[in-house]
1. Could you tell me how many cubic angstrom of Cα convex hull volume the chain has per residue?
2. Counting other C-beta atoms within 10 Å, which of VAL57, VAL48 has the fewest, and how do the rest follow?
3. Would you work out which of ALA45, ILE5, TRP72 lies farthest towards the positive end of the dipole of the chain? Charges go on Cβ: Lys and Arg +1, Asp and Glu -1.
4. Express the relative contact order of the chain as a whole percentage, based on alpha carbon pairs under 8 Å and six or more residues apart in sequence.
5. Mind checking the angle between helix 2-25 and the chain's longest principal axis? C-alpha axes, 0 to 90 degrees, to the nearest 10.
6. Report the label-to-label distance for ILE76 and TRP36 in nanometres (one decimal), using points 7 Å from each Cα along the Cα→Cβ vector.
7. Could you work out [θ]222 nm for the chain from helices alone, using -39500 (n - 2.57) per DSSP H run of at least four and dividing by all its residues? Round to the nearest 500 deg cm²/dmol.
8. Quick check: the angle from helix 32-48's long axis to the longest principal axis of the chain, C-alpha only, nearest 10 degrees?
Amino acid sequence: MRIFIGILGIGILLVTIYDVLWTTLRLTSGGPITSWVTDGLWKGAKRVTRSHQALAVLGFLTVLFTVALWVWLIWIG
């Protein structure tokens with residue numbers, strides 16, 4: 001069981017590091033996890049409001065959430 005959990009943790013770390021590097025070093029798109037999460041958050045935000053000011057704040061919060069997600073995934077891994 002410990003070996004399985006260790007392999008799972010290493011997998012989470014590798015996927016997270018790949019996602020962080022893909023998102024921060026590539027200019028065209030985000031990594032797989034980042035794209036999936038931010039697309040969902042942005043679509044949800046646009047359903048809630050159309051105000052440019054509110055969307056600007058929600059965009060900033062989406063970036064903060066993405067960084068927090070990376071930290072959480074690394075911590076979990």
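1. 91 Å³
2. VAL48, VAL57
3. Farthest along the dipole direction, towards plus: ALA45.
4. Reported as a whole number, the value is 41 percent.
5. Helix 2-25 and the main axis of the chain meet at about 40 degrees.
6. Reported label-point gap for ILE76 and TRP36 is 1.0 nm.
7. -30000 deg cm²/dmol
8. Long axis of 32-48 versus the principal axis of the chain: about 30 degrees.
No lab work stands behind these numbers, since they all come straight from the coordinates. The shown structure was predicted, so the numbers you read here are calculated from the model rather than taken from an experiment. Quick reminder, even Gly has a Cβ in these numbers, built from the backbone with ideal geometry, and neighbours come from all protein chains shown.
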